[in-house]
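First up is the structure itself, then whatever we jot down about it.
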Amino acid sequence: DKSKRPVVFSFNGGPGSASVWMHLAYTGPKILNIDDEGNPVQPYGYKDNPYSILDVADIIFIDPVNTGFSRILDQNAARSTFFGVNADIKYLAEWLNTWVSRVNRWASPKYLIGESYGTNRVSGLAYELQNNHWMYLNGVVLVSPTELGQTRDRVSSAGLILPYYAATAWYHKVLDPSLQNKDLLQVLPEVEKFTIEEYLPALNMAGSLTPEKRKAIAAKVAKYSGLKEEVVLQNNLQISTNFFWKELLRDQGFTVGRLDSRYKGIDLKDAGERPDFNSELTSWLHSFTPPINMYLRDELKFKTDLKYNMFGPVHPWTQDRTDLAENLRKAVAMNPYMHVLTQAGYYDGACDYFNSKYNVWQADPGGKLQDRFHWKGYRSGHMMYLRKEDLIQANEDLREFFKLSTPKEGTPAKY
């Protein structure tokens, strides 16, 4: 029954990334041959995904122009038609409208799911579809969201990242014993409270802090981040992400990953301000590239000599200054059926979990829509679904979200 079965439009990020990641590791019919924590296993391959949401919804995996096998056919077409924040939203909205009409899915509950930069995309699409295509959604899922076009000043950026540092330090067992001996979810609320009530105000005071207050804040930042108090003071209480990834396990000879800080890297030298490479991304490209080519070419019989672009040539990308979080808020405010689910990994340092909470607080400062914004956290990184336990839970959370946001038949929406 198309009027009851949801259709989910799935996008990954980049910009310039194919939909391979969620397609072959999260919601789709197949998943990678990886171990339970998400590490590569040889020989390369894929297997059935017993946790896929295909039992409750149809999924459309979309590779935007120049990703996957998508290409611009008209070589005279202007790149500006596709490669920019607003251009991307505009042409994809047209595509979605065409698809829904062509396959007769106007009656279906509709959802957008985007990961990383894909959360920018779907936040913009939710408003564009409602405003210019009169297509009203039941829900939007933000997987590892960016800042969604909200401006973060230097102080906010430096302060809000601390809970992620605490999670990473806890995982690598380098926290103060008073914290290390607690469960992660007992530690993080304490760090979040300190961040909002003490750390951010102290960073705003900057040079006006007394030496005593500066030292007291540095001691707490060190306690929660796993770094030395001296190092925190040397950095004026502000620890950059690159420096943290390099510094946390420096004395052990390792760096930690950007997109998933459970991964460790080995640099040419222990000295320096940033890691030589992203250890987690290397692992993921190692895991995904052979299987997606095997699946599309061998099983789905898509025959082409084109290279499958895991990351395609989409730059320069026009960074139109659009507050996409505000667009998403307006879409929710205008549509009483619409809900938003955020899924975030505690060990994601690129799109960290606490900033994803902050997004919603700032997008809805009056708190009038908080009952339709939902948040779930997972003990993994940017692609939380690579860890088997989180793959199972995250798909189940999607099923529950569909139930929550698909009204019972005949239930009126109250404007």
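The values are calculated or read from the model by the stated rules, or taken from the named source; none is laboratory data. In this text, all values refer to a predicted model and were calculated from it rather than measured experimentally. Backbone-built Cβ (ideal geometry, glycine too); neighbour counts: all protein chains shown. Accessible surface is based on the protein model in full, side chains and every heavy atom, while ligands, DNA and RNA are left aside. Shrake-Rupley method; radii C 1.70, N 1.55, O 1.52, S 1.80 Å.
Across region 1-62, the mean sequence separation of Cα contacts (distance under 8 Å, 6 or more residues apart), normalised by length, yields a relative contact order of 43 percent. Cα extents for region 128-191 along the principal axes, largest to smallest and rounded to whole angstrom: 56, 29, 18.
Taking the centroid of alpha carbons for each part, region 363-414 and region 45-62 are 18 Å apart.
For a test of the definition: using alpha carbon positions, the gyration tensor, and the 1.5 limit on a/c, classify region 64-111 as rounded, prolate or oblate. Here region 64-111 falls in the prolate category. In this structure the chain gives 44 Å² per residue of accessible area when probed at 1.4 Å with all protein chains present. Rolling a 1.4 Å probe across all protein chains gives residue 388 an accessible area of roughly 80 Å².
Working from Cα pairs under 8 Å separated by at least six residues, relative contact order for the chain is 23 percent. Restriction of the GluC sites (Glu not before Pro) in region 331-415 to DSSP coil positions whose beta-carbon has at most 14 other beta-carbons within 10 angstrom yields 409. Multiplying the residue separation of residue 411 and residue 41 by 0.36 nm and subtracting their alpha-carbon distance yields 128.4 nm. FRET efficiency for the residue 91 to residue 266 pair, using the beta carbon distance and R₀ = 56 Å, is estimated at 0.85. Using the Kirkwood radius built from alpha carbon pairs, what does the Stokes-Einstein equation give as D for region 66-158 at 25 °C and 0.890 mPa s, in µm² per second? Estimated diffusion coefficient is 165 µm²/s.
Per-residue ellipticity at 222 nm from helix content only, as computed over the chain with -39500 (n - 2.57) for each DSSP H run of at least four residues, stands at -11500 deg cm²/dmol. Modelled this way, with points 7 Å down the Cα-to-C-beta line, the labels at residue 136 and residue 205 are 5.0 nm from one another. What's the center-to-center distance, using Cα atoms, between region 121-146 and region 159-222 in Å? Rounded to whole Å, the Cα centres lie 35 Å apart.
Label positions at residue 78 and residue 403, each projected 7 Å from the Cα along the C-beta direction, are separated by 4.9 nm. Loop-resident chymotrypsin sites (Phe, Trp or Tyr not before Pro) (DSSP state other than H, G, I, E or B) in region 304-357 with no more than 11 further Cβ atoms inside 10 Å of their Cβ are absent. Pairs exceeding a 32 Å alpha-carbon distance, out of 269/376; 223/376; 47/307; 4/368; 182/213; 47/264: 269/376.
Each residue, residue 236 and residue 150, gets one label point 7 Å from its Cα in the Cβ direction; the gap between the two is 2.5 nm.
Fully extending the segment from residue 33 to residue 54, taken as 0.36 nm per residue of separation minus the present Cα-Cα distance, adds 5.6 nm. Within the chain, what percent of beta bridges assigned by DSSP are antiparallel, to the nearest 5? So the antiparallel bridges amount to about 25 percent of the total. Across region 1-53 the C-alpha pair distances fall into 10 Å bins from zero in the proportions 22, 43, 28, 7, 1 percent. Candidate cross-link partners of residue 2 among the aspartates and glutamates, defined by an alpha-carbon separation under 12 Å and a same-chain spacing of 8 or more, comprise 58. Computed over protein heavy atoms with a 1.4 Å probe, the carbon and sulfur contribution to the accessible area of the chain reaches 52%.
How many percent of all Cα-Cα pairs in region 254-355 sit more than 18 Å apart? Summing the P(r) tail past 18 Å for region 254-355 gives 71 percent. Semi-axes of the equivalent ellipsoid of region 1-138 are 27, 21, 13 Å, computed as sqrt(5λ) over the eigenvalues of the C-alpha gyration tensor in descending order. About the centre of its Cα atoms, the chain shows a dipole size close to 660 debye [charges on the beta carbon of Lys, Arg (+1) and Asp, Glu (-1) only; nearest 20 debye]. If you take all other residues with their beta carbon under 9 Å from the beta carbon of residue 164, and give Lys and Arg +1 and Asp and Glu -1, the sum is -2.
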